[in-house]
Every structure is written in structure tokens, then in C-alpha cells.
1. Just to be sure I understand the filter: pairs with C-beta atoms under 9 Å, separated by 6 or more residues or on different chains, first member in region 134-163 and within 12 Å of ALA121 (Cβ to Cβ) and touching a residue at least 60 places away in the same chain (Cβ under 8 Å), second member of a type in the set (Val, Ile, Thr) and part of a strand (DSSP E or B). Which pairs pass?
2. Can you name the residue in region 243-292 that is on the phi > 0 side of the Ramachandran plot and either free of Cβ contacts under 8 Å to residues at least 24 places away in the same chain or surrounded by fewer than 18 Cβ atoms within 10 Å (Cβ to Cβ) (or both) and, of all such residues, is farthest from the chain's Cα centre (by Cα)?
3. From the list LEU132, LEU86, LEU103, LEU77, exactly one residue is out of contact with any Asp or Glu (no Cβ under 7 Å at 6 or more places or on another chain) and surrounded by 18 or more Cβ atoms within 10 Å (Cβ to Cβ). Which is it?
4. Has region 178-186 got at least one residue that is part of a loop (DSSP other than H, G, I, E, B), over 21 Å from the mean Cα position of the chain (by Cα), at pLDDT below 95 and surrounded by fewer than 19 Cβ atoms within 10 Å (Cβ to Cβ)?
5. Please go through region 146-169 and give me each residue that is in contact with a Ser or Thr (Cβ under 7 Å, 6 or more places away or on another chain) and either charged (D, E, K, R) or exposed (fewer than 12 other Cβ atoms within 10 Å of the Cβ) (or both), ordered by number.
6. Report, by residue number, each residue of region 144-177 that is polar (S, T, N, Q) and either out of contact with any Leu (no Cβ under 9 Å at 6 or more places or on another chain) or in a loop (DSSP other than H, G, I, E, B) (or both).
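The values are calculated or read from the model by the stated rules, or taken from the named source; none is laboratory data. Remember, it's a predicted structure, so these values are computed and weren't measured experimentally. Please note: Cβ atoms are built from the backbone with ideal geometry, for glycine as well, and neighbour counts cover all protein chains shown.
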Amino acid sequence: MSEREKKLAMIVGGLLGLVALFFGYQRLDSSTTRRENELAAVQAKIDELEKERRRGSSAAVKLNEFEKQSLPRDRELAVRQYDAWLTQTIEKIGFKERTVKFLGASPQQFNTNALKFQIYAQGNIAQLTEFLYEFKAANMLHQITSMPVKPVADSRDLKIDITIEALALSNGPPQLDAANRRKPPDKSLQQYADAIVGRNIFAPPNNPPRMASISDKRVSLGDRLSVQAEGNDSDPLDSLSYSLGEPAPSGATIDPQSGEIRWSPRENGTYDFAVRVTDDGFPAKSVQQTFRVSVVDPPPPPPIVQREPPREERPRLQFDEAKHTYLVATI
């Protein structure tokens, strides 16, 4: 074999080796990819099973929580105790013309009873907000299914019709322990009232009251100060109340109904008063007036005039007729 043939054979052999190496790599790469895909499929299955396990665990936790929030498992007891809780709640809030009515029960899956109640009541927007807050804070398995609200003419009150559905699970508690299961929302009642009552959609905007200005006063030490604050409101349904704001001298008082300010100063000086009048609209609004009181020494007493003692007057001589009378007799 010539040198040329040897080189050609080496080149052909090298090419065949490269081809064999290429196909071997392709087979190895295909096998590796297949195994990686199989591993990915297995891992996806494991992940799906783990999700199912977590969902099952979460469902078990929720079911346990629902059982704690459930009404008593005994239907008759659940109706009686939940009715009592509703009645006590609306009485505490101060609803007028209030009525709680049990509408009936409907069986559900898994031996569960859905109990339906209805509340008829009359109250203002602040009371309705408080009821909704207490309903949420009760931490019971209940919901409001409807709540028509209608304003009452010439009044701040609303006619309220609330339909409620509550669940009594077969594994629920034996008794309705409303006090211990209570769980208030994250926000306070005042925060909800500021957001809801402050935007009272059932009445026109509340106008602030007005108060007449009070002139500065001057009082003598030892005397009692009496000042009358006078407020009025353009809203015919509003009632006014008076209070002292800051600053207010120690010992000063005000009648919240009449607005009369009373104060007995103890030392001389200049004192600032702030008087506030507040209406009872939704939301309540107020205005304030300030005035100044100067306490001074009392005026000096009037001079004492020394009066001379009265002189004794001699008695006047009176004409005595008997003394100058003579008796003359004739015999």
C-alpha cells in the first residue's frame, strides 16, 4: 500500500470514527433527555400530590374552624340560642320596634341544617353600623342574605329588614358560647363608624350648628361668674349640647343642655374660655367660641359716715288748762 493510500485510509477511518461518535452522542443525548423528561414528569406528579395533600390539610383546618363557628349540633337548641343572641344584640344596640322571627330550617349535605331568621327593626345609621360590626365579630357560621333599608320620613331612623342564614353542622359544638367565640375585626367600631356614618347616604349632609359670639367679661374676686352660651342649628332634627373646650379654668362648669357657664374665680388674672356646641347629626359637627375673663379686686367698700348721736330734746311745755282754772262759787 502506497503512502497515498495509507493517508486516504486514515482519513476515511477518521471520518467513520467521527460518524460513529456523532451517532453515539445522539443516542446518549436522546436517552438523557428521555430520562430527564421522565424525572420531570415524576416530579410534577409529586408536586401535584403535595398540592393535593396541602389542599386536604387546609380543608381539614377550615372544616375544623367551621365546626367551631357552627351553631349547636342540636337543631332545636341552635334555633333557641341563636334567636336569643340576636334578640340580646339588637336590644343592646337600642333598635326600636324590634322583632326577631325564625323562618324555618332546610337540610343540607352531610347532615347540616341551614336556619333562616328575619329581623324587623327601626334605628339610625349608627345603630345599623354597630349591628353589622357585632354580626361580624360574633365569629359564627352565619351570613346576611338580604337587607332592605328604607328611611323613615321626618326622622333619622331607618326601617331595617334583615334576613340571616346560619348553619348548624353535625359536628358542631353542644352549646352556643357566644362570649368566648367572639373575634372582633381588625378595625375598630369607631373606624367603621367614621367610614359609614360619616357618609350617611340616607340623609342630606349635616350642617354645622352656629353659636353667638360671647364678649369678654370682667368679674370681681369672690363673685360668681355666669355666662350664657347660645347656639342654634338649621337642621330641624338636630339637638345641641354644650361643653367646655381647651383652655378652661379650673372649677369652671357648663350645663350641657342650657349652655350656662358657671365659675367662681379664686385669684386675680386673665383667663381664656373656649365653649363648644355640638349637634347630634350624622356625622356630628361642632363649632367653638372663645372669650376672656378678667378677674380683679373687688371695689373698695363705701366710706363709713360717722353720724352724731341724736340730741335729747327737752319736752315742750304743754298748756295745762286745769292749772289756770279757778273755781268760783256763789251761795
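1. As it stands, the answer is ILE160/ILE119; ILE160/VAL149, since those pairs meet every condition given.
2. Selected residue: GLY269.
3. Of the residues listed, the single one that is out of contact with any Asp or Glu (no Cβ under 7 Å at 6 or more places or on another chain) and surrounded by 18 or more Cβ atoms within 10 Å (Cβ to Cβ) is LEU86.
4. No, because not a single residue in region 178-186 is part of a loop (DSSP other than H, G, I, E, B), over 21 Å from the mean Cα position of the chain (by Cα), at pLDDT below 95 and surrounded by fewer than 19 Cβ atoms within 10 Å (Cβ to Cβ).
5. SER146, GLU165, listed by residue number.
6. Within region 144-177, THR145, SER146, SER155, SER170, ASN171, GLN175 qualify.
Table: residues versus (1) within 21 Å of GLU67 (Cα to Cα); (2) among the small types (Gly, Ala, Ser); (3) out of contact with any Phe, Trp or Tyr (no Cβ under 7 Å at 6 or more places or on another chain).
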residue	(1), (2), (3)
THR99	no, no, no
PHE117	yes, no, no
HIS142	yes, no, yes
THR163	no, no, yes
LEU169	yes, no, no
ALA178	yes, yes, no
